Amino acid sequence: MRVPRQHPATFTILDPTIPVFNVCLPLYDLGTGGLRLVDRDDRLGDLLGHTVHGRLDFPGGPSVQVDCLLLRAREALRDGRHTVNTAAAQLQDLAPPQLVAIQQYIDRIERQLLQRTQALSRG
(Lines give C-alpha, C1' and ligand atoms only; values in the text may rest on other atoms or scores of the structure.)
Protein backbone atom coordinates (compact mmCIF):
# COMPACT_ATOMS: atom_id res chain seq x y z
CA MET A 1 0.00 0.00 0.00
CA ARG A 2 1.46 3.36 -1.00
CA VAL A 3 1.91 5.60 2.04
CA PRO A 4 0.39 9.10 1.62
CA ARG A 5 2.98 11.86 1.48
CA GLN A 6 0.86 14.34 3.43
CA HIS A 7 0.81 12.12 6.56
CA PRO A 8 3.72 9.73 6.11
CA ALA A 9 4.62 6.90 8.38
CA THR A 10 8.32 6.87 9.22
CA PHE A 11 11.02 4.38 10.17
CA THR A 12 13.70 5.45 12.65
CA ILE A 13 16.82 3.31 12.86
CA LEU A 14 17.49 2.41 16.50
CA ASP A 15 20.64 0.32 16.11
CA PRO A 16 23.54 2.38 17.60
CA THR A 17 26.13 0.07 16.04
CA ILE A 18 25.50 1.29 12.48
CA PRO A 19 26.41 4.66 10.94
CA VAL A 20 22.79 5.65 10.22
CA PHE A 21 21.71 5.33 13.86
CA ASN A 22 18.76 7.57 14.69
CA VAL A 23 18.07 8.44 11.03
CA CYS A 24 14.35 8.86 10.35
CA LEU A 25 13.16 7.85 6.86
CA PRO A 26 9.65 8.23 5.41
CA LEU A 27 7.93 5.12 4.10
CA TYR A 28 7.23 4.90 0.37
CA ASP A 29 4.97 1.88 0.73
CA LEU A 30 4.06 -0.69 3.36
CA GLY A 31 2.64 -4.20 3.54
CA THR A 32 2.38 -6.76 6.29
CA GLY A 33 5.49 -8.49 4.96
CA GLY A 34 7.71 -5.57 4.08
CA LEU A 35 8.21 -1.92 3.39
CA ARG A 36 10.04 0.46 1.11
CA LEU A 37 11.84 3.44 2.59
CA VAL A 38 12.50 6.77 0.91
CA ASP A 39 16.28 7.04 1.06
CA ARG A 40 16.92 10.51 -0.42
CA ASP A 41 20.58 10.64 0.61
CA ASP A 42 21.33 7.00 -0.27
CA ARG A 43 22.29 6.21 3.33
CA LEU A 44 21.21 2.57 3.28
CA GLY A 45 23.16 1.33 0.24
CA ASP A 46 26.03 -0.06 2.32
CA LEU A 47 23.60 -1.94 4.59
CA LEU A 48 21.88 -4.07 1.93
CA GLY A 49 21.77 -7.67 3.10
CA HIS A 50 21.84 -6.63 6.77
CA THR A 51 19.06 -6.60 9.33
CA VAL A 52 18.41 -3.30 11.08
CA HIS A 53 16.33 -2.63 14.16
CA GLY A 54 14.04 0.36 14.13
CA ARG A 55 10.71 1.94 14.99
CA LEU A 56 7.75 2.43 12.69
CA ASP A 57 5.81 5.55 13.63
CA PHE A 58 2.27 5.85 12.28
CA PRO A 59 0.58 9.27 12.26
CA GLY A 60 -2.32 9.18 14.68
CA GLY A 61 -1.41 5.66 15.72
CA PRO A 62 1.03 3.58 17.71
CA SER A 63 4.74 3.11 17.22
CA VAL A 64 6.03 -0.39 16.55
CA GLN A 65 9.59 -1.64 16.92
CA VAL A 66 10.59 -4.06 14.16
CA ASP A 67 13.58 -5.73 12.56
CA CYS A 68 13.98 -5.35 8.78
CA LEU A 69 16.24 -7.17 6.36
CA LEU A 70 17.36 -4.60 3.78
CA LEU A 71 17.02 -6.30 0.40
CA ARG A 72 17.61 -3.87 -2.44
CA ALA A 73 17.84 -0.23 -3.42
CA ARG A 74 16.45 1.40 -6.54
CA GLU A 75 14.84 4.52 -7.88
CA ALA A 76 11.06 4.83 -7.82
CA LEU A 77 8.82 7.24 -9.67
CA ARG A 78 6.90 9.58 -7.39
CA ASP A 79 3.94 11.64 -8.61
CA GLY A 80 4.62 10.46 -12.14
CA ARG A 81 7.42 12.99 -12.55
CA HIS A 82 10.16 12.79 -9.94
CA THR A 83 12.35 9.86 -9.00
CA VAL A 84 13.41 9.10 -5.47
CA ASN A 85 15.87 6.56 -4.05
CA THR A 86 14.17 3.78 -2.14
CA ALA A 87 15.31 0.77 -0.15
CA ALA A 88 13.12 -2.33 0.12
CA ALA A 89 13.10 -4.30 3.35
CA GLN A 90 11.47 -7.49 4.57
CA LEU A 91 9.92 -7.37 8.04
CA GLN A 92 11.36 -10.08 10.28
CA ASP A 93 9.59 -12.25 12.88
CA LEU A 94 6.58 -10.02 13.56
CA ALA A 95 4.65 -10.74 16.73
CA PRO A 96 0.84 -10.57 16.51
CA PRO A 97 0.61 -7.09 18.15
CA GLN A 98 3.13 -5.68 15.64
CA LEU A 99 1.24 -7.22 12.73
CA VAL A 100 -2.08 -5.85 14.04
CA ALA A 101 -0.69 -2.30 14.35
CA ILE A 102 0.70 -2.42 10.79
CA GLN A 103 -2.55 -3.83 9.39
CA GLN A 104 -4.60 -1.18 11.22
CA TYR A 105 -2.50 1.58 9.61
CA ILE A 106 -2.93 -0.02 6.16
CA ASP A 107 -6.69 -0.30 6.75
CA ARG A 108 -6.82 3.38 7.71
CA ILE A 109 -5.04 4.39 4.49
CA GLU A 110 -7.41 2.21 2.44
CA ARG A 111 -10.46 3.81 4.10
CA GLN A 112 -9.12 7.30 3.38
CA LEU A 113 -8.52 6.41 -0.28
CA LEU A 114 -12.02 4.94 -0.58
CA GLN A 115 -13.59 8.04 0.98
CA ARG A 116 -11.63 10.30 -1.36
CA THR A 117 -12.65 8.21 -4.39
CA GLN A 118 -16.31 8.27 -3.35
CA ALA A 119 -16.22 12.03 -2.79
CA LEU A 120 -14.74 12.58 -6.25
CA SER A 121 -17.32 10.37 -7.92
CA ARG A 122 -20.16 12.31 -6.22
CA GLY A 123 -18.67 15.70 -6.98
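The values are calculated or read from the model by the stated rules, or taken from the named source; none is laboratory data. Predicted model, so just to flag it, every value in this text is computed and none were measured. All Cβ positions, even for glycine, are placed from backbone atoms using ideal geometry, and neighbour counts span all protein chains on display. Protein only, heavy atoms only, side chains kept; ligands, DNA and RNA dropped before computing areas. Shrake-Rupley method; radii C 1.70, N 1.55, O 1.52, S 1.80 Å.
A few comments on the model shown:
- The chain, relative contact order in percent, only Cα pairs under 8 angstrom and at least six apart counted: 23
- Per-residue [θ]222 nm for the chain (sum of -39500 (n - 2.57) over DSSP H runs n ≥ 4, rounded to 500): -8000 deg cm²/dmol
- Projected area, mean over directions - the range 45-123, Cα convex hull, nm²: 7.0
- Selected from GLN65, GLN98, GLN112 as most flexible by GNM, with the chain as the system and alpha-carbon contacts under 10 Å: GLN112
- Oblate is the label for the range 50-96, because the ratio a/c of its alpha-carbon gyration tensor axes (a ≥ b ≥ c) is 1.5 or higher and a/b is not greater than b/c.
- Percent accessible area from carbon and sulfur atoms, the range 1-112, protein chains only, probe 1.4 Å: 48
- Calculated on C-alpha atoms, the gyration radius of the range 1-92 divided by its Kirkwood radius gives an Rg/Rh of 0.93.
- Helix axis angle, 96-122 relative to the chain longest principal axis, alpha carbon, degrees: 30
- Estimated FRET transfer efficiency (ASN22, LEU120; beta-carbon r; R0 35 Å; 0.05): 0.30
- Accessible area (Å², per residue) of the range 25-67, counting only protein heavy atoms and a probe of 1.4 Å: 44
- Around PRO97: net Lys/Arg minus Asp/Glu count, Cβ-Cβ under 15 Å: -1
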